[in-house]
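Working notes, beginning with the structure itself.
The values are calculated or read from the model by the stated rules, or taken from the named source; none is laboratory data. Keep in mind that what you see is a predicted model, and the values were worked out from it rather than measured. All Cβ positions, even for glycine, are placed from backbone atoms using ideal geometry, and neighbour counts span all protein chains on display. The protein model used for the area step is the full one, side chains on, heavy atoms only, and it has no ligands, DNA or RNA in it. Shrake-Rupley method; radii C 1.70, N 1.55, O 1.52, S 1.80 Å.
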Amino acid sequence: PDTTICPEDGTELMDLPRERSLEGKTLDGKYDIGVLLGRGGMGTVYRATQKMIDREVAIKILRPDFTSDMNAVKRFFREAKAVARLRSPHAVILYDFGLAREGHLYYTMELVKGCSLSQELRDVGAFPVPRAIRIMLHVARALEEAHGLGIVHRDLKPSNIMLLGNGDHEVAKVLDFGIAKLVTGAEANTLLTDVGMAVGTPKYMSPEQATGGHVDYRSD
C-alpha cells in the first residue's frame, strides 16, 4: 500500500478502482455517465454528457480486471493516441482522454448514432452491390489514413463499422482501435502482446494474425 514507484522499472504506480458500473455517476467532475452501450475486450463504453458544454459523448473506460496489467494500460492509451491522430470523416472522432480523479483511465469520443454493419446485415440481408461498394470505400478511406499514420487496426469486423444516414447520404465509420498496432514511431518497438499470441476476433483474423505472426497493413 505504501509503494508509489515500481522498484523494477521506476514506473509511477496508480491506484485504480474496481467498480462494476458507473451508470448514474459523474466522472472526473466533467462527465455525467448514462447508460451502458457495450463491453469490449478491454473497455466498457457508456453514453455520457460532457457537463460544461452539454455535449453527448461515448466514453470508454478500461475494464477493472485489466487495471493490474501494465500491457493493457499501455494498449489503452495507445488506442486513444491512435484515434486522436485520425481526421477521416470515416473514423470516430476522439475528444478527450486521461486519468480521472477517481482513478479511471478513460477517453471520450463522438457518440455515433446509427447502427452497426453487423446489425444491418442481420436486419436486411445481403446489400445491393452499389451500397456494398460505397460502404467498402468509406472503410478503405479510413484505413488509408490510419495506415499512412502507421496504424494497423487489427480488429476490423462488421460490429466495428457504424452506418449513419440513409440512401446516397449513408456514411460508414470505423470504430474501436482497441488493439491497434502502431508500426512506426517509438511505439512500434514496444511489445504489448506476447510472441505467438493471437490478438483480435478469430472469425475475422488474417492467417498471420491468427497464428500470432507478424501483422502489417495487409492484414487489415
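Over 19 Å between Cα atoms: which of Lys60/Lys173; Lys113/Lys173; Lys25/Lys173 fall into that group?
In this structure, Lys25/Lys173 lie more than 19 Å apart at Cα.
On full extension of the chain, what length is gained from Asp28 through Tyr217, given 0.36 nm per residue of separation minus the C-alpha to C-alpha distance?
Result for the pair: 64.4 nm of gain on full extension.
Testing the spin-label approximation: label points 7 Å from Cα along Cα→Cβ at Cys115 and Leu13. State their distance in nm.
Inter-label distance under the simple model: 4.9 nm.
I'd like the carbon and sulfur percentage of the solvent accessible area for the stretch 56-169, probe radius 1.4 Å, heavy atoms only, ligands and nucleic acids excluded.
Result for the stretch 56-169: 56 percent of the exposed heavy-atom area is carbon or sulfur.
How much length is gained if the chain between Ala210 and Asp96 is pulled fully straight, taking 0.36 nm per residue apart and subtracting their Cα-Cα distance, in nm to one decimal?
37.8 nm
Round to the nearest 0.05 the FRET efficiency obtained for Lys74 and Leu149 when R0 = 25 Å and r is the Cβ-Cβ distance.
Efficiency, from the Cβ-Cβ distance: 0.85.
Assuming 0.36 nm per residue, please report the length gained on full extension of the stretch Lys203 to Arg39 beyond their Cα-Cα distance.
57.2 nm
Any idea how far apart Val171 and Gln50 come out in nm if each label point goes 7 Å out from Cα toward Cβ?
1.6
Can you list the trypsin sites (Lys or Arg not before Pro) in the stretch 91-174 that are in a DSSP coil and have 16 or fewer other beta carbons within 10 angstrom?
Passing sites in the stretch 91-174 are Arg101, Lys113.
Report the net charge of residues surrounding Thr26, where surrounding means a beta-carbon distance below 11 angstrom and charges are Lys +1, Arg +1, Asp -1, Glu -1.
+1
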